[in-house]
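Read the figures in this text as sums done on the coordinates, not as results from a lab. Given the structure is predicted, the values throughout are model-derived calculations rather than measurements. With ideal geometry, Cβ positions are generated from the backbone for all residues, glycine too; neighbour counts draw on all protein chains shown.
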Amino acid sequence: MLPETAAIRYCEDVTRREASNFWYGIRLLPTTKRRALAAVYAMARRIDDIGDGALPSGEKAAKLDEVSDSLRTLDASASDPVTAALGQVQRVCRLPLDAFDSLVQGVRMDVDEATYQTVDDLVPYCRCVAGSVGRLSLAVFMIGEDRDTTAEARLADDLGVALQLTNIVRDVREDLEMGRVYLPAADLDRFGLTADGLRVPSEAAAALIRFEAARADEWFERGLRLLPRLDRRSAACVGAMAAIYHRLLHRIERHPDEIFRGRVSLPAAEKLLVAARALVGAGV
């Protein structure tokens, strides 16, 4: 059992406040797994926030180094609540801490304003920033189980790629405002577009967005094979989170012009319905 502590409560508060889509799934977990996954999310959020913040790139790099150092020797009694919470989680779950290193590596790519020529160049980035969180989450789902999870880790990684590709499609306009372009240059060329051509709706831009959404859909098909390999409550958690993103992806695919008007999201009532259906579908 992972006890409720001030550090754990802090991480749960961060997750409820910041993980607008993920919390609908995380709340379906039993207490220990919910608390452990909140600690994982809080650290992942900290790393992401550094990359997306307003600091100069040199200071961001230094901050990322600090985070990496803090993960080398987790202390359950540390003054920092996120580090302390992860130290407490390590007592009940062997987190693959190298996955946090992968996440930091991906965020460094953001800081360096990396661009991607082909989808084969983009997928490793997605594995760093989202597949890494999938692997960490899998360790939480497997608390209390003693078995080889190599196959499950690959599927969790694939599902992470699906979620990240959905983020990329949804956030095209916002990313451009930050000077970032994640869509592969080869795809832009295929539809006769430049990055600036993604600032306004057009038939070519809509066709490109549908093309990218269809690719993400293929990754969902692979990654969702993870669900039957999980216990029921964990499957409900993953099913809810994935279904929310999958619905969002299909909405964008049907109405690609929406991404040029603002961030596309699902209503809270629809997310609750998705979570309820995930519970029923998992037989909980």
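The table below lists the values:
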item: Residue list for segment 251-284, restricted to those being part of a loop (DSSP other than H, G, I, E, B), free of Cβ contacts under 8 Å to residues at least 40 places away in the same chain and among the basic types (Lys, Arg); result: Arg261
item: Test: residue in segment 95-108 that is of a type in the set (Gly, Ala, Ser), without any contact (Cβ under 8 Å) to a residue 24 or more places away in the chain and either surrounded by 16 or more Cβ atoms within 10 Å (Cβ to Cβ) or more than 21 Å from Asp52 (Cβ to Cβ) (or both); result: no
item: Answer residue from segment 128-167, given it is out of contact with any Cys (no Cβ under 7 Å at 6 or more places or on another chain) and not in a helix (DSSP H, G or I) and is surrounded by the most Cβ atoms within 10 Å (Cβ to Cβ) among those; result: Met142
item: Residue in segment 73-80 that is without any contact (Cβ under 8 Å) to a residue 12 or more places away in the chain, under 24 Å from Val111 (Cβ atoms) and out of contact with any Ser or Thr (no Cβ under 6 Å at 6 or more places or on another chain) present; result: yes
item: Lone qualifier among Arg247, Arg263, Arg254 - being surrounded by fewer than 22 Cβ atoms within 10 Å (Cβ to Cβ) and more than 18 Å from Ser20 (Cα to Cα); result: Arg254
item: Count - residues of segment 266-281 that are more than 22 Å from the chain's Cα centre (by Cα) and surrounded by 13 or more Cβ atoms within 10 Å (Cβ to Cβ); result: 1
item: Selected residue (criterion: farthest from Arg46 (Cα to Cα)) from residues of segment 1-25 that are in a helix (DSSP H, G or I) and among the hydroxyl-bearing types (Ser, Thr, Tyr); result: Tyr24
